[in-house]
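J.: Take this structure, written in C-alpha cells, and hold onto it; I'll ask about it next.
The values are calculated or read from the model by the stated rules, or taken from the named source; none is laboratory data. The shown structure was predicted, so the numbers you read here are calculated from the model rather than taken from an experiment. Neighbour counts run over all protein chains shown; Cβ positions are idealised from the backbone, glycine included.
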Amino acid sequence: MDTLTAEPTAAREHRVARRRRWLLACLVGLVGLAFLLDIALGSVRIPLPAVVDVLLGKSSGTVAWDFIVTKIRVPKAITAVLVGCGLAVSGLQMQTLFRNPLAGPSVLGITAGAGLGVALVMLSAGSAASLYAIQQLGLSGSWLIVLAATLGAALVMLLVLAISARVRDNVVMLIVGVMIGNITLSVVSIWQYFSAPEQIQEYLLWTFGSLGSVAGPHLAVLAGVVLAGLGLAFASSKPLNALLLGENYARSMGLTVGRARLIIIASTSLLAGSITAFCGPIGFIGIAVPHLTRALLNTADHRLLIPGACLVGAALTLLCDCLAQLPGSSTALPINIITALVGAPVVIWVTLRRTFVRSSFS
C-alpha cells in the first residue's frame with residue numbers, strides 16, 4: 001500500500017522537477033535572444049547575423065558596425081544583465097528577510113544613500129569638483145560621481161548594519177530602513193530646493209537611470225562587485241529557506257539568525273549600492289521579478305529561486321532596454337521609465353492576489 005502511494009508522489013515530483021528544468025532552459029534561451037536583440041536594435045539597425053559574427057570575433061564587413069557592437073552595445077547589454085540579476089536577487093532577499101511581498105532593494109535606504117552621494121557632487125553650488133566632474137569627465141562616466149554614490153550607499157549600509165546588530169525584529173528593521181531612506185531623500189530635496197536650475201537638471205537626468213554609460217574599467221568594477229554580491233546570495237540560499245518559515249523555526253534548525261541577516265544585508269547592499277552608483281536608481285525590477293519567478297517556478301526554494309530570479313531579471317531588463325531604444329529612432333527613453341511601466345502592473349497584480357502572497361510568505 002505504501003509503495004502504491006509513493007509511486008504517484010515520486011512521479012509527480014519528477015514531473016515538476018522536469019518542468020522546472022525546462023523553464024530554466026527556456027529562460028536561458030530568452031536571455032540569449034534578448035541579449036542579441038538589445039545589441040541589434042537601436043538608432044543604427046544592425047542585422048542579427050552581423051551581430052553574431054562580431055560576437056564570435058569575426059568582422060561584420062562594416063567598420064562602423066564593429067565599433068558600435070564592441071564598444072557601445074555589448075557593454076550596455078552586459079550592464080543590463082548585471083543590473084537585472086543584481087536587483088532581482090537583492091529584491092528576493094529583502095522580501096524573504098522581511099517576509100514582506102513589497103520589499104525591494106531600496107527598502108533599507110541604500111538607493112537613497114547613493115542618491116545623496118551624487119547630490120553631494122552635482123548640487124554643490126559652483127564647486128570646482130562638481131563642475132570638473134560634469135563638464136570635463138561627463139555626467140555618466142565620472143569617477144567622482146561613481147565614488148560619491150558608492151560612498152553614500154556604503155555609509156547607509158554601515159548604519160543599517162549597526163542598527164541590525166541591535167534590533168532583532170525584521171519588521172522593525174524594515175521600518176527603520178524606510179525611515180532612513182525618507183530622511184535621506186528629504187535632505188536631497190532640501191538641497192535641490194536651494195540649488196541652481198542647471199544643477200537640478202543634471203541630477204534629475206541621473207535619477208532616470210542609464211545602462212549605456214558603463215564601459216571599460218567601470219564595467220569591470222561593477223561586474224566584480226555584483227558577482228561578489230551574488231556569491232553571498234547563493235551562499236545564503238539555505239538560510240533564506242529557513243528564515244522564510246520564521247526566525248524561531250530557523251533557530252530551532254541551528255541557524256545563527258543574526259549572522260545570516262548580516263550576510264543577507266551585506267549582499268543586498270553590494271548589489272543595490274553598486275548598481276545605483278553606476279547606473280542610477282532603477283526601480284521595480286527588484287520588486288516585480290521575485291514574484292514573477294515564484295509564479296513561474298511555483299516554488300519557495302531559494303536554491304531554485306535565486307538562479308531563476310537572475311535569469312528573469314536579466315531577460316526583463318534586456319527587453320526593457322530594447323523598448324527604451326525605440327528601434328529606428330535616434331531617441332532613447334530613460335530605462336527607469338520603462339521598468340516602471342512594466343513593473344508597476346506586476347506589483348498591482350501581486351497586491352490583488354492575496355492568496356498567492358500568503359502562500360509565498362507562510
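J.: Cβ contacts < 8 Å: first residue under 17 Å from CYS279 (Cα atoms), restricted to segment 320-335; second residue at pLDDT below 75, any location; separation 6+ or different chain. Result?
T.: Filtered contacts from segment 320-335: ALA332/LEU326; LEU333/LEU326.
J.: Could you list all residues from segment 304-338 that are polar (S, T, N, Q) and at pLDDT 90 or above?
T.: Passing the criteria: only THR317.
J.: Given the condition in contact with a helix residue (DSSP H, G or I) (Cβ under 9 Å, 6 or more places away or on another chain) and outside any helix (DSSP H, G or I), answer yes or no: does some residue in segment 19-39 qualify?
T.: Scanning segment 19-39, I find no residue that is in contact with a helix residue (DSSP H, G or I) (Cβ under 9 Å, 6 or more places away or on another chain) and outside any helix (DSSP H, G or I), so the answer is no.
J.: Continuing with the same structure: When segment 194-226 is examined, which residues are found to be at pLDDT 85 or above, assigned to a helix (DSSP H, G or I) and either surrounded by 14 or more Cβ atoms within 10 Å (Cβ to Cβ) or not small (Gly, Ala, Ser) (or both)?
T.: Correct list: LEU219, VAL221, LEU222, ALA223, VAL225, VAL226.
J.: On the given criteria, is VAL69 over 28 Å from the mean Cα position of the chain (by Cα) and either modelled with pLDDT of 85 or more or not charged (D, E, K, R) (or both)?
T.: Working: over 28 Å from the mean Cα position of the chain (by Cα): no; either modelled with pLDDT of 85 or more or not charged (D, E, K, R) (or both): yes.
Judged against the criteria, VAL69 is not a match.
J.: Among the residues of segment 113-134, write down those that are among the β-branched types (Val, Ile, Thr) and either over 26 Å from the mean Cα position of the chain (by Cα) or at pLDDT 50 or above (or both).
T.: VAL118, VAL121
J.: Please work out which one of (1) crowded, with 16+ Cβ neighbours inside 10 Å; (2) over 22 Å from SER210 (Cβ atoms); (3) among the aliphatic types (A, V, I, L, M) is the condition ILE190 fails and give its number.
T.: (1)
J.: Need pairs with beta-carbon distance below 8 Å; first residue among the β-branched types (Val, Ile, Thr) and within segment 280-292, second outside any helix (DSSP H, G or I) and surrounded by 24 or more Cβ atoms within 10 Å (Cβ to Cβ); sequence gap 6+ or separate chains.
T.: Filtered contacts from segment 280-292: ILE287/ALA103; ILE287/GLY104.
J.: Kindly indicate which of VAL54, VAL16, VAL44, VAL28 is modelled with pLDDT of 90 or more, of a type in the set (Val, Ile, Thr) and either out of contact with any Pro (no Cβ under 6 Å at 6 or more places or on another chain) or buried (at least 16 other Cβ atoms within 10 Å of the Cβ) (or both).
T.: On the way: VAL54 fails: modelled with pLDDT of 90 or more; VAL16 fails: modelled with pLDDT of 90 or more; VAL44 fails: modelled with pLDDT of 90 or more.
The unique qualifying residue is VAL28.
J.: Considering segment 7-50 alone, what residues qualify as being farther than 19 Å from GLY212 by Cβ and among the acidic types (Asp, Glu)?
T.: Result: GLU7, GLU13.
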